[in-house]
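Novice: Got a structure for you, questions after.
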């Protein structure tokens, strides 16, 4: 039986070398986000990248280092969120961060960005001519509208993610297809929670109620909270999160996540990207209980606020005595990005019974092994403020939880000093008095 989609696929299928042959000097390229790094495209581009005098490769949180980064200093990278790869590239002065409030990303792209090529990893084409974006929806649909040329790199290891919306693209919109035999997706190794993080988790667990909708950020603490929830008496939890993690699969299979109390996407675990183990990716594959959406929907504070008892839990690097939160840098050393932290802290506060929680260990060690407080009098030069003090709701360390909304500057400082490490409290109080806060 004649299938026009199969005919189009046959006509548009090219090798990776052929796909990158159309890239010209001075152009801007967009790579798939997070774990969907286009390996075949990048390897082919590396063969000819030495000839470029100016080329920009952009993505959201590179999870693999481009081969081109070590072959041509004229190739620059731009990233909407820093992970380890971009932190290393930043030290080499090869990457620049694109500041954004995550839910505004698609709108920023549609208004201000232009792309010559997008190389998007997706599942092999289905019988109706669609390629599925799998574990990363995020900004992809917006870039597809602005790219002059669309190239799909298929990988049968990518799970088929149910929508949601805008999780697929039809062959008729695609300019070229690189078919691969498949390669494993990068997995996020589970981190072991520290003793301090385990104490912090207990404070947070006291704030989660039956029927709450959860968002968990990245790292050892959120993973540990997920594990602890498995042994709790909580029930009918819902999920609305930018990142879907392994803990959610465990909680769903244990019957703790049902989504019955959600107002929107009832019964669904709504997310914009997934990052975890193969077990998580297998769980997502054609699972109607998971719903993939672009980030302008998932992270919109107005959407977040619709679900009751929304509990957002995010990590931070430092909090100052004015109650500003930094989650992006230590001084001029760039570490992460705003991500969805501002979106979810704002949305959770406006949810009926909602709570936006910032979690951090009370101390860290500097490069010389010296113990430093993460609650500081004020940020050092270059440190980025991720959350203005007006938005901060709760802050928790291993020494307790401070509610800051509705409190004065003086009251906030006192609450933060209470949850600082005891070795630094006198010094913080002295600084607060010197600064005129106390």
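Novice: What number of residues within the range 36-71 satisfy the criterion of being modelled with pLDDT under 95 and touching a helix residue (DSSP H, G or I) at 6+ places or on another chain (Cβ under 6 Å)?
Specialist: So the answer is 1.
Novice: Could I ask something else about it? What is the number of the single condition among (1) surrounded by 23 or more Cβ atoms within 10 Å (Cβ to Cβ); (2) within 18 Å of the chain's Cα centre (by Cα); (3) not in a loop (DSSP other than H, G, I, E, B) that residue 36 does not meet?
Specialist: It fails just one condition, (3).
Novice: Just checking, which of 190, 247, 161 is under 18 Å from the mean Cα position of the chain (by Cα), closer than 25 Å to residue 303 by Cα and outside the structural domain of residue 316 (by TED's automatic domain parsing)?
Specialist: 161
Novice: Regarding residue 124, is this residue touching a strand residue (DSSP E or B) at 6+ places or on another chain (Cβ under 8 Å) and either in a helix (DSSP H, G or I) or not assigned by TED's automatic domain parsing to the domain that holds residue 47 (or both)?
Specialist: Criteria not met by residue 124.
Novice: Suppose the filter is farther than 24 Å from residue 155 by Cβ, touching a strand residue (DSSP E or B) at 6+ places or on another chain (Cβ under 9 Å) and either without any contact (Cβ under 8 Å) to a residue 60 or more places away in the chain or crowded, with 20+ Cβ neighbours inside 10 Å (or both); does residue 76 pass it?
Specialist: Yes: the conditions hold for residue 76.
Novice: A follow-up question, please. Given the options 135, 118, name the one that is in contact with a helix residue (DSSP H, G or I) (Cβ under 7 Å, 6 or more places away or on another chain), closer than 15 Å to residue 173 by Cα and either surrounded by fewer than 24 Cβ atoms within 10 Å (Cβ to Cβ) or in the same structural domain as residue 40 (by TED's automatic domain parsing) (or both).
Specialist: Just one listed residue meets the conditions, 118.
Novice: Going by the conditions given, is residue 333 in the same structural domain as residue 238 (by TED's automatic domain parsing), buried (at least 21 other Cβ atoms within 10 Å of the Cβ) and at pLDDT below 95?
Specialist: Criteria not met by residue 333.
Novice: Considering only residues that are assigned to a loop (DSSP other than H, G, I, E, B), over 14 Å from residue 320 (Cα atoms) and without any contact (Cβ under 8 Å) to a residue 24 or more places away in the chain, which ones fall in the range 385-407?
Specialist: 406, 407
Novice: Examine the range 241-253 for a residue that is in a helix (DSSP H, G or I), more than 25 Å from residue 61 (Cβ to Cβ) and out of contact with any strand residue (DSSP E or B) (no Cβ under 8 Å at 6 or more places or on another chain), and state whether such a residue exists.
Specialist: yes
The values are calculated or read from the model by the stated rules, or taken from the named source; none is laboratory data. Everything numeric here is computed off the predicted structure, so don't read it as measured data. Cβ atoms come from the backbone with ideal geometry, glycine included; neighbour counts cover every protein chain shown.
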